[in-house]
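The values are calculated or read from the model by the stated rules, or taken from the named source; none is laboratory data. Keep in mind it's a predicted model, so treat the numbers as computed, not measured. Note that we place each Cβ from the backbone using ideal geometry, even for glycine, and neighbour counts take in every protein chain shown. What goes into the accessible areas is simple: the full protein's heavy atoms, side chains included, and nothing from ligands, DNA or RNA. Shrake-Rupley method; radii C 1.70, N 1.55, O 1.52, S 1.80 Å.
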Amino acid sequence: MSKTLFDKVWDGHVVRKIEGGPDVLFIDRHLIHEVTSPVAFLGLKSRGIKVLYPERTFATADHNTPTMNQHLPVEDQLSANQLKALESNSNEYGISHWGLGHQKNGIVHVVGPEYGITQPGATIVCGDSHTSTHGAFGAIAFGIGTSEVEMVLATQCIMQPKPQKMRINITGSLGYGVTPKDVALFIISQLTTSGATGYFVEYAGKVFEEMTMEGRMTVCNLSIEMGARGGMIAPDETTINYVKGREFSPKGEAWDKALSYYKTLKTDDDAVFDKEYTFDGSLIEPMITYGTNPGMGIGISKDIPDAGSVEGGVSTYEKSLNYMGFNQGDQMIGKPVDYVFIGSCTNGRIEDFRAFASIVKGRKKADNVTAWLVPGSHIVEAAIKEEGLLDIFTEAGFVLRQPGCSACLAMNDDKIPAGKYAVSTSNRNFEGRQGPGSRTLLASPLVAAAAAVTGKVTDPRELMMVEA
Amino acid sequence: MAYDKFEILKSTAVPLPIENVDTDQIIPARFLKATERVGFGDNLFRDWRYNTDGSPKADFVLNNPTYKGKILLGGKNFGSGSSREHAAWAIYDYGFRAVVSSFFADIFRGNCLNIGVLPVQISPAFLENIFTEVHKNPETEIEINLSAQTITLLSTGEKESFDISSYKKDNMMNGFDDIDYLQNIKSEIQEFAAQLPL
Ligand code: SF4
């Protein structure tokens, strides 16, 4: 029978099927961090069980770490406790631990691919919803709750019903100044934040074939924002070139074996999806969000739509605009911006900083803007320095911080103050996500850069034209 | 972690007629710093419930003594966003045993089932009726019968059935969790792992 890419990977990992219940799914790689793992380890302790395959789990600290002065002790006592718990649990159970200050430390979804932990055709889970990032490699990757973290530690399996399958095709080519982030925000604006709930998505079409691995990671990362369990892209030459030779990638004979497995990882021509969408990539503009969920996005040149033309109840919509301090029919261009955040597992990789640099180069940070530039990992941080991007940033009045999740979820000190507007390259614009009362406009690194140098929402294409 | 068995729940309900309630509202990230699972109920809906100075916001439903009970009524797409199980813990710890909505986000639904909160998905029209009845009379009782998979609005007798897999239902009714099951098939898992390509 014809199978989709998703079927092949899922079915290949089913240990057993339960009548009237979920599948028992084997997990190849498990990533853990300090926030969602401590209670799982407590569970193991109270049951008196060990970690079944410690070599399949990797720990990094990221959600709750400072992005300045990482060499100093963490001041916040609760945060310090979580970091300590991650370290001592990892040591006790024999799990690799990349804590604060470790050279491999960074955001879990950035370091996983960088070190070759992420592999095509693998099943990957983490107690973080943006685990969907790893789907860029043709892996089945998704976020799990703490009870499931405990399950994976104890048995390397979780129990879930097989999701339905959706394919999203984007044809054509992307326009000038349009990035993978815009593609993702566009898709979510079309499907809404619940449009893919219950589905696992495969992204297909020329736009994704032409995309770099970093871009694919950005798109797959945001799959969860339309409710999907995850999203994936079939591995190709681009994928294999990225994976080959990384520290935890298979080597020698194991590589040959893995390679022949990777080659099987594509959807059969006549395979059927439960739902399918096709969009024309050439129609996508640089995007920005204006509301309090990631589905509330529009092309940057557009006006905020009327309540009548959007999904969901009018009162919820009005509550959202009210929180943002915006009105129906407002133009987004020209809205004042107080903060700019570039970073997170969505847009905290080197390409994102290159894009940011391409606009701020030769310009100055706007005086009214506070900017936080936070690399996703030490590898990204090092590349920023090596490629001379740091000089560009410094020249333009920006400061580079140290790796971590930072203002993406504002668990550490990087909080946007109440009432302030932030153009952010992260993934969620929920009320208070970036700090109590903060107002988030999600956008690409190019849009973030344009806001950072002009102090307001600006179409990056205007600034790019000048240079061309 | 063990939780109370769920059989029949008869209770008044707390109405929250807002759509797309995300897990950052259910429990904001800054309250995820604990290393133990205690006290999350205090911060349930923290920023909707309290002013920045810690005083309660009078217009938020959890601060309105008229509404109480073990059932939380939510708008469509309840629990979207982050995978934090803390959101489900906060709901359980506050004292809710069931959440009723016309649509749930996936991970949140799974997390609830794993810790003993029953997500009950019903039709938008029925949800609307329950909201109306509860707003009209906060003493209105709702009965959720897990074994029969039905939810009944007792004031009108209106009733709907809801879906749950027989496996999960069994777990909820017995207070079991998945680890109990998986522990029992460990050798099967190990044999399976030995033949995997990665
Ligand atoms: S950067 Fe944000 S979304 Fe990504 S892992 Fe960290 S908190 Fe989660």
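Rounding to the nearest 20 debye, state how big the charge dipole of chain A is about its Cα centre with +1 on each Lys and Arg Cβ and -1 on each Asp and Glu Cβ.
Computed charge dipole of chain A: roughly 520 debye.
Please state the charge dipole magnitude for segment A:291-467, taken about the Cα centre, from unit charges on C-beta atoms (+1 on K and R, -1 on D and E), reported in debye and rounded to the nearest 20.
My answer is approximately 200 debye.
Which one, A:ASN169, A:ALA228, A:LEU25, is farthest towards the positive end of the dipole of segment A:5-275 when Lys and Arg carry +1 and Asp and Glu -1 on their Cβ?
Positive-most Cα among the choices belongs to A:LEU25.
If R0 is 30 Å, what FRET efficiency do you get for A:VAL314 and A:THR171 from their C-beta distance, rounded to 0.05?
With R0 = 30 Å, the Cβ-Cβ based efficiency is 0.30.
Starting from the Cα of A:LYS335, draw a straight line to each of the lysines and keep only those under 29 Å, dropping any in the same chain fewer than 8 residues away.
Candidates past the 8-residue exclusion: A:LYS181, A:LYS302, A:LYS319, A:LYS361, A:LYS364, A:LYS365, A:LYS415, A:LYS420, A:LYS456.
Accessible area per residue of chain B at 1.4 Å probe, in Å²?
With the other protein chains kept in place, chain B gives 39 Å² per residue.
For segment B:1-46, which trypsin sites (Lys or Arg not before Pro) pass both filters: DSSP loop (anything but H, G, I, E, B) and at most 13 other C-beta atoms within 10 Å?
Filter output for segment B:1-46: B:LYS5.
About its Cα centre, how strong a charge dipole does segment B:8-194 have in debye, to the nearest 20, once Lys and Arg get +1 and Asp and Glu get -1 at the Cβ?
Here segment B:8-194 has a charge dipole of around 340 debye.
What does the net charge come to around A:ALA61 if you take all other residues with beta carbon closer than 12 Å to its beta carbon, with K and R at +1 and D and E at -1?
Charge balance near A:ALA61 sits at -1.
May I have the convex hull volume per residue, in Å³, for the Cα set of chain B?
In chain B, the Cα convex hull volume per residue is 139 Å³.
With a 1.4 Å probe and every protein chain left in place, tell me how much accessible area A:HIS71 has, in Å² to the nearest 10.
The value for A:HIS71 is about 140 Å².
Just for segment B:8-194, what percent of DSSP beta bridges are antiparallel, to the closest 5?
Approximately 50 percent, going by the DSSP bridge assignments.
Calculate log10 I(q)/I(0) of segment A:5-275 for q = 0.12 Å⁻¹, where I(q) comes from the Debye formula with a single equal point scatterer on each Cα and nothing for solvent.
With no solvent term, the Cα-only Debye profile gives -0.74.
If one takes the accessible area of chain A alone plus chain B alone and subtracts that of the pair, with a 1.4 Å probe, what total in Å², rounded to the nearest 100, results?
5300
Would you rank A:ILE240, A:ILE124 by solvent-accessible area, highest first, keeping every protein chain in place and using a 1.4 Å probe?
A:ILE240, A:ILE124
Of all the Cα-Cα pairs you can form in chain A, what percent are over 39 Å apart?
Result for the distance tail: 18 percent.
If I model a spin label at B:GLU128 and A:ASP391 as a point 7 Å from the Cα along the Cα→Cβ vector, what separation in nanometres do I get?
6.5
Can you give me the solvent accessible area of A:CYS126 with a 1.4 Å probe, rounded to the nearest 10 Å²?
That residue has around 0 Å² of solvent-accessible surface.
At a threshold of 8 angstrom on Cα-Cα distance, excluding pairs fewer than six apart, so keeping six or more, what relative contact order does segment A:5-275 reach in percent?
22
In chain A, with Lys and Arg counted as +1 and Asp and Glu as -1 at Cβ, which of these residues, A:GLN82, A:ILE392, A:HIS13, has the Cα nearest the positive end of the dipole, that is, farthest along it?
Among A:GLN82, A:ILE392, A:HIS13, the one farthest towards the positive end of the dipole of chain A is A:GLN82.
Roughly what would the spin-label model give for A:PHE248 and B:GLU191, points 7 Å off Cα along C-beta, in nm?
2.9
Need one number: nm distance between label points at A:ASN69 and B:GLN183, each 7 Å from Cα along Cα→Cβ, rounded to one decimal.
That separation, rounded to one decimal, is 4.6 nm.
Using Cα-Cα distances under 8 Å and only pairs 6 or more residues apart, what relative contact order does segment A:383-468 have, in percent?
18
Would you look at the GNM of chain B, springs on alpha carbons closer than 10 Å, and say which of B:LEU113, B:LEU182, B:LEU62 moves the most?
B:LEU182
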